[in-house]
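The values are calculated or read from the model by the stated rules, or taken from the named source; none is laboratory data. As the structure is a prediction and not an experimental result, all values here were calculated from the model. Here the Cβ positions follow ideal geometry from the backbone for every residue, glycine too, while neighbour counts run over all protein chains shown.
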Amino acid sequence: MVFVFLRIMNYLIDAYTIYAASVLAANSIIYSCFGAGFPLFTTYTYHNLRIHWASCVLAFLSLACVPFPFIFYHYGPSIRRKCKYAAQVDDFIRVLAQMAHRSDLVEKSPRRQLRTLKLYQCI
């Protein structure tokens, strides 16, 4: 279960880059709610189903969560296209890439290199 939680956290960070803190906070709240809720009915479950079947219920729940990372890996792009926050992240990353490309062009221009060289010679 921990491995599934960590993989989903990685997916959320990659999918919602600029909103990563908010997404991780919401994910932690949901995870904590499940952690707070399970002890409320665990004693009744173990008492009524006995130890073997009650443990099997938890194992089946964990087993049901195993395909989530693969589902998100396969359907992730279509999920992100439908989400307005993911679209904002894509636009932001596109702008950052353009700014980085422009700064590379500015640094590689001969005039800029000559000015930089003259500044270093003065120092």
Unique match (being among the small types (Gly, Ala, Ser), modelled with pLDDT of 90 or more and either in the same structural domain as residue 4 (by TED's automatic domain parsing) or part of a helix (DSSP H, G or I) (or both)) among 64, 100
64
So how many residues does the range 2-28 have that are in a helix (DSSP H, G or I) and touching a helix residue (DSSP H, G or I) at 6+ places or on another chain (Cβ under 8 Å)?
13
Collect the residues in the range 49-107 that are among the polar types (S, T, N, Q) and over 21 Å from residue 5 (Cα atoms), keeping them in residue-number order.
78, 88, 98, 103
Of all residues in the range 29-53, which are modelled with pLDDT of 90 or more and either of a type in the set (Gly, Ala, Ser) or not in a helix (DSSP H, G or I) (or both)?
32, 36, 37
For the range 82-97, the count of residues that are at pLDDT below 80 and charged (D, E, K, R) equals 1
